[in-house]
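The values are calculated or read from the model by the stated rules, or taken from the named source; none is laboratory data. In this text, all values refer to a predicted model and were calculated from it rather than measured experimentally. Neighbour counts run over all protein chains shown; Cβ positions are idealised from the backbone, glycine included.
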Amino acid sequence: MPCFLGSGSPDRTRLSRIGRCSTLERMPEPADRDLVLRTRRGEIQAFGELVRRYQSAVFNVCYRMLGERMEAEDLAQETFIRAYRRLATYDADRSFGPWVRRVATRVCLNHLDRNRPPSLELDEDRDRPLVAVGDEPEGVLAGAQASDALRRAIRELPARYRAVIELRHYQEMSYAEIAELLEIPLSDVKSHLYRARKSLARSLMGSG
């Protein structure tokens with residue numbers, strides 16, 4: 001059974017079936033670029049393979065930005081719908097992973113701008129921490145505790161500050177790339193990062 005039933009743009013119901021996709025799994029792994037080009041030719045199941053490959057990465061972005069599982073799942077679905085609709089503007093010679101994570105950041109930021117601040121709910125370790133973790137048990141425990149505190153502190157930041165932290169530290173974008181994506185001046189990117197880091201340091205010192 002193909003990942004998406006019928007033709008046309010994939011919707012949330014079709015995206016929920018990605019785990020059952022078998023057509024592409026029987027073939028050698030195609031490159032992301034090939035999947036994008038096939039999708040543009042109307043092979044919707046090729047986009048299902050892209051969803052399968054990047055659903056965890058996109059969910060992690062949404063979870064870091066939102067802090068609540070159900071919202072993160074909804075916005076991850078929305079990200080792939082948005083990505084599909086904008087696939088004609090995507091440069092197939094560039095990596096798909098960073099592009100779709102940036103789409104996720106923009107989707108989440110728009111959501112945060114329109115809605116209430118996210119709750120501070122924490123889940124199991126869903127994302128890569130910014131803190132270094134040692135090899136000894138004490139180091140692992142301390143790192144996990146610091147990571148929890150960091151996630152809490154990030155989710156208490158204003159939406160724009162949270163976005164620049166996500167883009168700079170998790171997606172490793174340059175200041176110029178962040179400015180272009182968020183459509184703000186470069187000086188604002190630097191200012192947001194400075195204030196966000198200062199706020200995080202203050203929060204972590206208070207919690208530690």
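Residue-by-condition table, conditions (1) part of a helix (DSSP H, G or I); (2) closer than 15 Å to LEU150 by Cα:
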position	(1), (2)
MET173	no, no
GLU180	yes, no
SER187	yes, no
ALA196	yes, yes
SER199	yes, yes
Has segment 86-109 got any residue that is over 25 Å from ARG40 (Cα atoms) and under 16 Å from the mean Cα position of the chain (by Cα)?
-> yes
Scanning segment 81-95 for residues that are within 24 Å of HIS169 (Cβ to Cβ) and modelled with pLDDT of 95 or more, the one surrounded by the most Cβ atoms within 10 Å (Cβ to Cβ) turns out to be ALA83
Counting only residues that are crowded, with 24+ Cβ neighbours inside 10 Å and either at pLDDT 95 or above or among the aliphatic types (A, V, I, L, M) (or both), segment 60-71 contains a total of 3
Result of the Cβ filter at 9 Å on segment 185-208, keeping first residues that are more than 15 Å from ARG162 (Cα to Cα) and partners that are loosely packed, with under 12 Cβ neighbours inside 10 Å, at least 6 apart or interchain, is LEU186/ALA176
If you go through LEU157, LEU130, LEU150, the only one that is of a type outside the set (Gly, Ala, Ser), at pLDDT below 90, outside any helix (DSSP H, G or I) and surrounded by 17 or more Cβ atoms within 10 Å (Cβ to Cβ) is LEU157
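Matching residues to (1) modelled with pLDDT under 90; (2) under 20 Å from the mean Cα position of the chain (by Cα):
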site: HIS111; (1), (2): no, yes
site: GLU121; (1), (2): yes, yes
site: GLN171; (1), (2): yes, yes
site: ALA179; (1), (2): no, yes
site: LEU186; (1), (2): no, no
site: LEU204; (1), (2): yes, no
site: GLY208; (1), (2): yes, no
